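To start, the structure itself, in structure tokens.
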Amino acid sequence: MEYSYDLNGNNLYIEESRIPAYSLEENEIGNCTSCDSILMSLSYHSAGERTVVVTKCVSCGAFYANIYNSEWNWVDEAPVALLPIPIPISNQIIDDWKGLETIPIKKLEAVFSKGEIEALISRAKDKTPVRQYLYRARKKYGLFEEIFDLKLVI
């Protein structure tokens, strides 16, 4: 069986099945197979009649799934692969035409009027925009950043 683990949500995946943790208690579970240091529990999961304890070695950082039967007798140990943690790009700064061009028009239309979008495009292309539309658009920069995590500096 293949075990993977989501550190953000403390969810264990056995093959394709997601099993949420029922406890996040930290306990010494045993010794690491790789370096013989202490394994500390990260989370406890019910998998049918078995309990799976996800552990991490305090020394080498290896992750394991320790499997116990319904009577808490140790059954098996398996390595655990960590799922990648998505890192959102926050406050990406858009300050020129090339950056503005990458923003889908639907995102711009969600916050700005047609005139304001045209003013932003003109300003980004170093052309003279309609001043009042650019002024109105700039007042909405904060809202646009809050919604889309994109900071406009045009």
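The values are calculated or read from the model by the stated rules, or taken from the named source; none is laboratory data. These numbers come from a predicted model, not from an experiment. Ligands, DNA and RNA are stripped out before the accessible areas are found, and what is left, the full protein with its side chains, is counted by its heavy atoms. Shrake-Rupley method; radii C 1.70, N 1.55, O 1.52, S 1.80 Å.
Straight distance only, please: which lysines reach the Cα of LYS127 with their own Cα at less than 25 Å, same-chain residues fewer than 8 apart left out? By straight Cα distance, LYS127 reaches LYS98, LYS106, LYS107, LYS114, LYS139, LYS140, LYS151. Of the whole protein surface, ARG18 contributes about 140 Å² of accessible area at a 1.4 Å probe radius. Each of VAL130, VAL75 has its accessible area taken with a 1.4 Å probe; listed largest first, they run VAL130, VAL75.
Using helices alone, what [θ] at 222 nm do you get for the chain, with -39,500 (n - 2.57) per DSSP H run of 4 or more residues, divided over all residues and rounded to the nearest 500? Kindly include the intermediate steps, with their values, before the conclusion.
Values: 5 runs with 40 residues, N = 154.
Result for the chain, helices only: -7000 deg cm²/dmol.
Estimated at the nearest 10 Å², the accessible area of LYS107 is 70 Å² with a 1.4 Å probe.
The 1.4 Å probe gives accessible areas that order ILE121, ILE67, largest first, as ILE121, ILE67. Residues whose amide H lies under 5 Å from that of THR33, counting only those 5 or more places away or on a different chain, are absent; hydrogens are built 1.01 Å from N in the peptide plane. Computed with a 1.4 Å probe over protein heavy atoms only, the accessible area of ASP76 comes to about 70 Å². Shape of segment 14-58 from its Cα gyration tensor (a ≥ b ≥ c, root eigenvalues): rounded if a/c is under 1.5, otherwise prolate when a/b > b/c, or oblate? Prolate shape, in that a/c is at least 1.5 and a/b is the bigger ratio.
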